[in-house]
Amino acid sequence: MEKQIDPRILRTRQLIMDAFIELSMKKEFKDITIKDITSVATVNRATFYSHFIDKYDLLEKVLSESIMREVIQEVSTHEVINEETIKAIFLSIIKFQTSISNQCRRSYEAFTPQIETIFKQELQAFFLEWAQKQWANQNKTEVEVFTVMLSWALYGAAMHWMQNQTLQPEDYVEQILNIIKMEKTWIKKS
């Protein structure tokens, strides 16, 4: 039987995370202190440290939980990896990145390396879970390599789109899918 977490603990954790998000909209990440966070969250330092190691741990938790919550909501109707899933995840990455860059413009650049790492890890885990069900008879290593490549490629393509934005995101993802379909003709076996 799974032990249930006290709702007060969950509320306190959420208060701390919300305080951090609020502060990151007003201050640069490097300027946010634990004292700032605990003041806004109305908790003491000991309470903060019972939930998080430091502000970097808090940043990682906020990003990974909010990233995956938004991505999962966007693709929850999908059950397999196909063109529609890839489109939905690509558009979800764009939506999340646009949202966070608009909300936390001051700290966005400081968060970028952590966002990238978390996105790639979470997307890979997400794809791996689906791929293992979808291709249960395939070699596990090949499935894992596929999920790494797909997660990194989608994230990289989304970042490329964010920096260039010459097409609508829907048109850009269509180009990605066309390239994926053509890859067999591009790469010839020796």
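Just a few scattered comments:
- Relative to the compact-globule estimate of 2.2 N^0.38 Å, the Cα radius of gyration of region 109-151 comes out at 1.33.
- Candidate lysines - alpha carbon under 18 Å from Lys181, same-chain residues fewer than 8 apart omitted: Lys87, Lys189
- The aspartates and glutamates whose alpha-carbon is closer than 20 Å to the alpha-carbon of Lys120, local same-chain residues fewer than 8 away aside, are Asp57, Glu60, Glu65, Glu70, Glu74, Glu79, Glu83, Glu84, Glu109, Glu129, Glu142, Glu144.
- Convex hull volume per residue, computed on the Cα atoms of the chain, equals 160 Å³.
- The mean sequence separation of alpha-carbon pairs under 8 Å and at least six residues apart, normalised by the residue count of the chain, gives a relative contact order of 22 percent.
Here, each number is a calculation from the coordinates, and none is a lab measurement. Keep in mind the model is a prediction, meaning the values are calculated, not measured.
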